[in-house]
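Here, each number is a calculation from the coordinates, and none is a lab measurement. This one's a predicted model, so the numbers in the text were calculated from it and none came from an experiment. Heads up, the Cβs are rebuilt from the backbone with ideal geometry, glycines too, and the neighbour counts pull from every protein chain shown.
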Amino acid sequence: MQDLNGRMAVVTGGAGGIGRGIAEALLEEGARVVVADVEERALDNAVGELSERGDVRGVRTDVSDFGSVEALASSVYEVEGACHLLFNNAGVTSGGGGKPWEQESNDWRWCYSVNVFGVAHGVLAFVPRMLESGEPGVVVNTSSQDGGIAPVPYASVYASSKASVSCFTEALAHQLASTGSDVRAAVFYPSGGLLETGLWTAQRNRPPALARQRERAPAPGTTFEEFKKQLAAAGLPTDTVDLTELGRFVLQGIKDGKFVISHGLEEAADLLHARADAIAKGELPPAARL
Ligand SMILES: NC(=O)c1ccc[n+]([C@@H]2O[C@H](COP(=O)([O-])OP(=O)(O)OC[C@H]3O[C@@H](n4cnc5c(N)ncnc54)[C@H](O)[C@@H]3O)[C@@H](O)[C@H]2O)c1
């Protein structure tokens, strides 16, 4: 996977934000890209704009629905004939943070249906085909340092969904390694600064069937501007990340054969060591700061 020219990539949630940055970086390298996203208008706009840069096609896909992801995989193998890079990137918040006991059952259902089942569906639909093809491949699952490294306590549902993604990807990587195939898995932690993406308005894609039952004021820090203020107040940097640059970073991580693709791994390791020390003493491990 040193040369991505002509390789076939699928990016879920690629109509905007981090997924779009990955799609842009892929096109720069001459890869062919299928963007799969639930948001039809954003998908059409993204594909329209990206098509000036290379070979790209959009397939409306709801990753929470296995039939939809299976149809995506069938279409990719029928039309493009291969998938070398699968980015299971689509994700949502749980619709705002707050106290764990104030989250509703539908907050869990929606968040898990996209973040956890979405990744599961991508693996179920694509990995058997990728293995059968005998070609090299990489499955990159987008997790979050929130949950993947340590939970942000006010984002408990989201954090637990991303802990699930990280844990599952590790198991997947071990199992893929045992097949002796050239298909592997990696976990991606979007990082490197503040990410100004549509995640802050993820509710726009929330299905009515999984709407909240009770009205409640959003928890503090659940808009981009509030979050930025919180970071500034805590003396933390508020520089935003260039999303195409982040896409390039992910591709470099793939070329380098990394399992964990993330900025700031030394700080993450410090936190993980502190967590391990606490766990070894039977104590509550320290949480992520923000
Ligand atoms: N933004 C951050 O700070 C941050 C940090 C760590 C991890 N992440 C993760 O990065 C990934 C991308 O998020 P983002 O920040 O770019 O947000 P975003 O909202 O800009 O992008 C997410 C994309 O997923 C799509 N999507 C939502 N539900 C879907 C569904 N059911 N099926 C298919 N597509 C669906 C959206 O339409 C959108 O295009 C997510 O997994 C997110 O959890 C984001």
Problem set entry | Under 29 Å between alpha carbons - lysine pairs in segment 8-265 that sit 8 or more apart or on different chains | 7
Seminar exercise, completed: Assertion target for GLU24, GLU132, ordered by fewest C-beta neighbours within 10 angstrom first, is GLU132, GLU24
Exercise. Treating the beta-carbon of each Lys and Arg as +1 and of each Asp and Glu as -1, no other charges, what is the dipole magnitude of segment 8-265 about its Cα centre, to the nearest 20 debye?
Worked result: 640 debye
Seminar exercise, completed: Short to long, in 10 Å steps from zero, the percent of alpha-carbon pairs of segment 8-265 per bin is 7, 32, 38, 19, 4, 0
Problem set entry | Cα-projected label distance for ASP270 with TRP200, points at 7 Å along beta-carbon direction, nm | 2.7 nm
Exercise. So for segment 139-290, what are the equivalent ellipsoid semi-axes in whole Å, largest first, each being the square root of 5 times an eigenvalue of the Cα gyration tensor?
Worked result: 27, 20, 19
Exercise. Toward the positive end of the charge dipole of the chain, about the Cα centre and with charges on Cβ (Lys, Arg +1; Asp, Glu -1), which of VAL250, SER143, TRP110 goes farthest?
Worked result: TRP110
Problem set entry | Footprinting exposure proxy for CYS167, CYS111 (fewest neighbouring C-beta atoms within 10 Å first) | CYS167, CYS111
Exercise. How far is helix 117-133 tilted, in degrees, relative to the longest principal axis of the Cα atoms in the chain, given as a value from 0 to 90 rounded to the nearest 10?
Worked result: 30 degrees
Seminar exercise, completed: A student applying the Cα gyration tensor rule (rounded when a/c is under 1.5; otherwise prolate if a/b is larger than b/c, oblate if not) would label segment 1-133 prolate
